[in-house]
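Take a look at the structure set out below.
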Amino acid sequence: MQIGTGSVVKFFYTLKDEEGLVLETNHKAEPQACLIGRRNILPGLEAALLGQAAGDTVHVTLPPAQAYGPRRDNAAHRVPIKHLLQAPKKLLPGMVVALNTKDGTRSARIIKVGKFNVDVDANHPYAGQTLVFELEVVEVREASQEEQAHGHAHGAGGHHHSS
């Protein structure tokens, strides 16, 4: 079966920077599951997966504009610690934390820790970088009606709903 809009694809990935340094990989975990056509992954990755099948390997290079955008100089903010979601007891500069914002949950990197506030950089950690993805397609299947209704893949490597 070929990957198309409305299919669920499971894949392993390795993400590298332009120099070939590995930034992330899921090869020692479950493959990532994604419902195609619902913007669950970067559009450039989704476009590269269309038409592929289980067993295919795909290499994609995305410039910042097609990945996580350019770095913004005005992205530093002071945030009350109580606005951090599931913050560890010991906050340290360089940690990535989840913020509760008016637009939903956002990731940010801690710059400085104070007693009641943290200074964070709200740029995505990979903003401003050209990213190289190596994708290995493991499985392709039709999405269930429930997955289509929810807009994401369910099960291992996908979204899990709590009861």
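Computed from the coordinates by the stated procedures, all read-outs in this text should not be read as laboratory data. Just so it is clear, the model here is predicted, and its values are computed rather than measured. A quick note on method: Cβ atoms are made from the backbone with ideal geometry, for glycine too, and the neighbour counts reach across all protein chains shown.
For the pair Ala156 and Lys90, what calculated FRET efficiency results from E = 1/(1 + (r/R0)^6), where r is the Cβ-Cβ distance and R0 = 35 Å, to the nearest 0.05? For R0 = 35 Å, the calculated efficiency reads 0.65. Taking 7 Å steps out from each Cα toward its Cβ at Thr57 and Lys112 produces label points 4.7 nm apart. Within the same chain, lysines fewer than 8 places from Lys90 are excluded, and of the rest, those with a Cα less than 22 Å from its Cα are Lys82, Lys112, Lys115. Calculate the tail of P(r) for segment 46-91: the fraction of all Cα-Cα distances greater than 13 Å, expressed in %. Tail fraction, whole percent: 74. Taking the alpha-carbon centroid of each part, what is the distance from segment 109-159 to segment 54-99 in angstrom? Here the answer is 9 Å between Cα centres.
Rg of the Cα atoms in the chain, relative to 2.2 N^0.38 Å, amounts to 1.17.
Here the simple spin-label model places points 7 Å from the Cα toward Cβ, and for Leu21 and Gln148 these points are separated by 4.5 nm.
Fully extending the segment from Glu139 to Thr101 would add 10.1 nm, taking 0.36 nm per residue of separation and subtracting the current Cα-Cα distance. Most tightly packed first, judged by the mean number of other beta-carbon atoms within 10 Å of their residues, the peptides 130-143, 59-72 read 130-143, 59-72. If the Kirkwood radius is taken over C-alpha pairs of segment 76-121, then at 4 °C and 1.567 mPa s the Stokes-Einstein diffusion coefficient equals 126 µm²/s. Helix-only arithmetic for the chain: the sum of -39500 (n - 2.57) across DSSP H runs with n ≥ 4, divided by the residue total, places the mean residue ellipticity at 222 nm at -2000 deg cm²/dmol.
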